[in-house]
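Scroll down for the structure; my scribbles are underneath it.
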Amino acid sequence: MTVILLLGGLSMGNNPIEFGSISNILNVVNSIVFIGLILIGVYAVLMNFRTVLLPQRIGRIRSFGRQLNLDGLNCDSGCIGISKFSDGKMSIPVQVELDDNSIITADVSPCCICIDRLMVGDLVGVTRVGNRIILQRASRIHKLICGKNDRNN
Amino acid sequence: MTEIINIIMLNPLGSMGLLFFFGVIIASLRGWIPQDVLPVQSALMLTTLLLAILAVLFGKPINIKDITSNIFLHPITALIGGFLVAGALEAAGAFRAAIDILERTSRTPLGLPGTVAILVNMPTIFAMPCGRILAAALIPAAILFGHILAQRRKSSILASVVVFGFIVNAAASCGPSPLGGIGMVGEGMAGSLKIPGIGLGSFSNAQSIAIMLITGVTMLSISFVYRILPDESLVKAEGEAEEKVEKMEKIHISAYLSLFVFFITIAAVFILQPPIPIQTILVILVIVIMVMGDVTIQDLIGGVILHPIMAMISGFIIAGALLSIGSFDVLISLLEFLAETPLGYVGVAVLMANIPTILPMPCGRIIGMALMPGIFLLGITMANSGTFSQEVIPILLVSFIINAAASCGPSPLGGIGGIGEGNLGTEIGVSGKPQQVGIMIGTGIAALIIGVLGPI
């Protein structure tokens, strides 16, 4: 918080902060918000790099949804039928089989599902961020390390 | 032909930049650049690097300040703020509350058709910073209502009509969003020219009305022209599953309150236009929802979807590089040449405004941000030609923005349309054409609204 306040103060540039007027206080608040949002963005980008490049575990998608459902193995559309699994949430739960054969539930963003064309059998990286387990398509490096092709069940 | 060669020879570096940019876009769309190897955003970053090297070879090195000065932080921070609001609303259960309200509405005199009309327009009413937020959150409701409507009217195509109407509405909803929507960049550009009436939210209403028309036209063309029939067994099974789930879940009062506070705040921003940056209002809104809905900081971070942010930044960066090496000057010269053909300035403007849907990217922010300076310059050129007034600039910008925003719906590179296709069990890419028809008509309507009524 101190850093944000300091950056907020610095962002005022040549205008010395005069707390006497409301507009100046508002300017400080706006600057703090602005810089705080940039810091959150930087944090989110760093976390994204971490989940892509240095995931805690590597696994394969076994099925989409809160429950392990092997019927989903036939899905080959690239953009799965998410309606069964989305319960008013903007992330999709996915069942991932880790390298020790254990199954966990991870969350994936709808952008990753469609743009990254995630399918059952894909190699993915999972990372715990706070109380959520986030899933990302594994990078090429991981695929080379694992020595396996995608969708190789 | 000689004139085109002259334009290219006058600025070979700028011409090469333009060629590489459109080359990468077309190669990605045609599948010549495999997206699982090199996504279009990364390809554009590599193009920027290549252009920087070429600029050095041509003796005109790109100043890094030229690129960074083109990364506008306000829309990016507003977008991050918007995602935090979305994360807070999701965690507070506001989207589930919205589904519940829709279900209750269907039992009022509005009935099922009235409820479906509200449902398909829900993404534009919420106006989230990325259409995929509501596409993911409310698609169960779209499937459920589509299934019920198809069952009652004994016409299975109605399920497709409802789902794809909802999908195209969601795709376009990031245009008028006050939470860091694409429109904000255009409003800022046009506002810099001190055109009367142009400011934050001045493009929103025209875009929202156009989106309703896009939705309607897409639904009509699916029903009467393209006849996209769903896999009935799939829709029935999903509809029944959703019915059971919805009946079991209980929604807390704080979810409804969060939804109410969100709508009141967004309405107040548009009506009162407070002299406070939207980012500050969004952060206050997030704090209020956090307190009401017992939402944690981690829930908020979980709401930040990076794809649109990265798409926006990659668009800004390639635009900065193209500006720096004079590619937009080449583009404007080429367009001026085209304007002397029977196409005229109006034809050129129509072509440019529809470029995002002709070359649909997985996120409209990519081509939106990359080409917006070119569209802005074209608007200025048209205004200076003596034939058009200064109002042509916002007209051109708003039509380009709505087209860009909606273009992620029909994109074959993982567009939102894929969500509908996956759920309905239809052929992949089948919803592209009806969406494109709707978007092109909506683009014209948005231009007409701004042209006739001004920024409303």
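Here are a few things to note about the model shown:
Let's see how each residue does on (1) of a type in the set (Val, Ile, Thr); (2) buried (at least 23 other Cβ atoms within 10 Å of the Cβ):
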residue: B:Gly347; (1), (2): no, no
residue: B:Val350; (1), (2): yes, no
residue: B:Pro356; (1), (2): no, yes
residue: B:Phe376; (1), (2): no, no
residue: B:Asn384; (1), (2): no, no
residue: B:Phe388; (1), (2): no, no
residue: B:Val392; (1), (2): yes, yes
residue: B:Ile395; (1), (2): yes, yes
residue: B:Ile401; (1), (2): yes, yes
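- Reported count of residues in the stretch B:420-446, each being modelled with pLDDT of 80 or more and either within 14 Å of another protein chain (Cβ to nearest Cβ) or farther than 15 Å from B:Gly364 by Cα (or both), is 18.
- Restricting attention to the stretch B:260-286, the residues that are within 13 Å of chain A (Cβ to nearest Cβ) and not in a loop (DSSP other than H, G, I, E, B) add up to 9.
Residue by residue, here is whether (1) more than 9 Å from every other protein chain (Cβ to nearest Cβ); (2) more than 23 Å from A:Pro110 (Cβ to Cβ); (3) part of a helix (DSSP H, G or I); (4) at pLDDT below 90 holds:
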residue: B:Val288; (1), (2), (3), (4): yes, yes, yes, no
residue: B:Met292; (1), (2), (3), (4): yes, yes, yes, yes
residue: B:Gln298; (1), (2), (3), (4): no, no, yes, yes
residue: B:Gly302; (1), (2), (3), (4): no, no, yes, yes
residue: B:Pro308; (1), (2), (3), (4): no, no, yes, yes
residue: B:Met312; (1), (2), (3), (4): yes, no, yes, yes
residue: B:Ile318; (1), (2), (3), (4): yes, yes, yes, yes
residue: B:Leu323; (1), (2), (3), (4): yes, yes, yes, yes
residue: B:Phe328; (1), (2), (3), (4): yes, yes, yes, yes
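- Under the condition of being among the small types (Gly, Ala, Ser), part of a loop (DSSP other than H, G, I, E, B) and within 17 Å of B:Pro394 (Cα to Cα), the residues counted in the stretch B:178-216 number 6.
- Failed condition for B:Trp32, given (1) of a type in the set (Phe, Trp, Tyr); (2) crowded, with 20+ Cβ neighbours inside 10 Å; (3) part of a loop (DSSP other than H, G, I, E, B): (2)
- With respect to the stated conditions, B:Ser327 is in contact (Cβ under 8 Å) with a residue 60 or more places away in the chain, closer than 23 Å to B:Phe58 by Cβ and surrounded by 24 or more Cβ atoms within 10 Å (Cβ to Cβ).
- Test for A:Asn48: is it more than 12 Å from chain B (Cβ to nearest Cβ), out of contact with any strand residue (DSSP E or B) (no Cβ under 7 Å at 6 or more places or on another chain) and modelled with pLDDT under 80: no
- Filtering the stretch B:399-426 to residues that are assigned to a loop (DSSP other than H, G, I, E, B) and within 20 Å of B:Leu79 (Cα to Cα) leaves B:Ser407, B:Cys408, B:Gly409, B:Gly415, B:Ile416.
- All conditions but one from (1) within 14 Å of chain A (Cβ to nearest Cβ); (2) among the hydrophobic types (A, V, I, L, M, F, W, C); (3) out of contact with any Cys (no Cβ under 9 Å at 6 or more places or on another chain); (4) buried (at least 20 other Cβ atoms within 10 Å of the Cβ) apply to B:Leu38; the one that does not is (4).
- Subset of the stretch B:121-162 that is of a type in the set (Val, Ile, Thr) and more than 9 Å from chain A (Cβ to nearest Cβ) - its residue that is nearest to the chain's Cα centre (by Cα): B:Thr124
- Every condition in (1) in contact with a Cys (Cβ under 9 Å, 6 or more places away or on another chain); (2) over 30 Å from B:Leu149 (Cβ atoms) holds for B:Ala86 except the one numbered (2).
The values are calculated or read from the model by the stated rules, or taken from the named source; none is laboratory data. Every value quoted in this text rests on a predicted model; they were computed, and no experiment measured them. In this analysis, Cβ positions are derived from the backbone assuming ideal geometry, glycine residues included, and neighbour counts consider all displayed protein chains.
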